[in-house]
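Working notes, beginning with the structure itself.
The values are calculated or read from the model by the stated rules, or taken from the named source; none is laboratory data. Quick caveat, the model's predicted, so the values are computed rather than measured. Neighbour counts run over all protein chains shown; Cβ positions are idealised from the backbone, glycine included. Surface accessibility is based on the protein's heavy atoms, side chains included, excluding ligands, DNA and RNA. Shrake-Rupley method; radii C 1.70, N 1.55, O 1.52, S 1.80 Å.
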Amino acid sequence: MPVLFVSGTGTEIGKTVATSAIAASAVAAGRSVAVLKPAQTGVGPTEPGDAAEAVRLAGAGVTALELARYPEPLAPDTAARRSGLPALSPARIAEAARRLSLDHDLVLVEGAGGLLVRFDEAGHTLADAARLLAAPVLVVAPAALGTLNSTTLTAEALRARRLEALGVVIGSWPAAPDLACRCNLADLPGASGLPLLGAVPAGSGALEPSAFRASAPTWLAPALHGTWAPEAFLAAWPPGRPERVRAG
């Protein structure tokens, strides 16, 4: 798995922190890692982007590469068009990932928003870049109500494009999960057809980098260089018994 695409079911669901955790876990396992952010939107010219955040959390030994930056917080195609800057093609993304893979054991390609967000006016998406490399895709999903539908739709989109879906990581697992979160945890594999490969605690991105690196492997399954066990995690957060509805 020299190249792994990290997509999400939407935006603001913990994709960057999950990517950083995978990078930190791989580094701890002795792997050399690069993080590629094809399109960074909504960030000024001198501000750190998502790739830089991955380096901050996972360690200075991680290589970061950003291909394009657009100032407005919009989909890459829209942001490129409004800014007058060139859009990104799937071929350019795939070639950048391929080159990084020549010198790194693992290249993490972090998408923008969901899987089918457009990168150019032709409607190309992160899925098109992954297909050029025949690379697997990891889905980062939220825990709350609605995630069964969005995760299943993303999994179906991957299958329709004959792409390998590696599994699902919950991008922000709450400290006090409600009934919907606990039920979703149990139901996600059956609904989406994808294995659970981790759950990143909410607020992990605010940890000190040293604490983040020490904890990251405990949030991720062995397939992502971690020690997380889905069975134990599910046992710790059972859905619970149905509440009795009082009549009258």
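Dipole magnitude for the chain: computed about the Cα centre from +1 point charges on Lys and Arg Cβ and -1 point charges on Asp and Glu Cβ, it is near 300 debye.
For the chain, what does -39500 (n - 2.57) per DSSP helix run (n ≥ 4), summed and divided by total residues, give at 222 nm, in deg cm²/dmol to the nearest 500? Intermediate results must be reported in sequence, preceding the final value.
On the way: 9 runs with 93 residues, N = 248.
Helices in the chain give a 222 nm mean residue ellipticity of -11000 deg cm²/dmol.
Positive contributions from Lys and Arg (+1) and negative ones from Asp and Glu (-1), summed over other residues with Cβ under 9 Å from the Cβ of V43, come out at -1.
Projected onto their three principal axes, the Cα atoms of region 121-192 cover extents of 41, 25, 17 Å, largest first. Protein heavy-atom surface of the chain, 1.4 angstrom probe: 56% of the accessible area is carbon and sulfur, with nucleic acids and ligands not counted.
Projected onto their three principal axes, the Cα atoms of region 100-147 cover extents of 41, 29, 15 Å, largest first. Relative to the longest principal axis of the Cα atoms of the chain, the long axis of helix 179-192 makes an angle of roughly 60 degrees.
Average accessible surface for the chain: 46 Å² per residue, computed with a 1.4 Å probe over protein heavy atoms with every protein chain in place. Taken over the C-alpha atoms, the chain has Rg and Dmax values of 17.9, 68 angstrom.
In the calculated pair distance distribution of region 113-248, what percentage of Cα-Cα distances lie above 22 Å? Write down the numbers at each step before the final one.
On the way: 4136 of 9180 pairs.
In whole percent, the share of Cα-Cα pairs in region 113-248 beyond 22 Å is 45.
If you wrap region 1-111 in the convex hull of its Cα atoms and look at it from every side, the mean projected area works out to 6.7 nm².
Compute for region 49-159: radius of gyration divided by Kirkwood radius, i.e. Rg/Rh, restricted to C-alpha atoms, rounded to two decimals. Write down the numbers at each step before the final one.
Values: Rg = 14.8 Å, Rh = 15.3 Å.
Ratio value, two decimals: 0.96.
Dipole magnitude for region 145-220: computed about the Cα centre from +1 point charges on Lys and Arg Cβ and -1 point charges on Asp and Glu Cβ, it is near 200 debye.
How many percent of the alpha carbon pairs in region 1-64 exceed a separation of 16 Å? Could the numbers behind the result be given before it?
On the way: 885 of 2016 pairs.
Value for region 1-64 (Cα pairs over 16 Å): 44 percent.
When the Cα centres of region 48-127 and region 169-197 are compared, how far apart do they sit, in Å? So the two Cα centres are separated by 27 Å.
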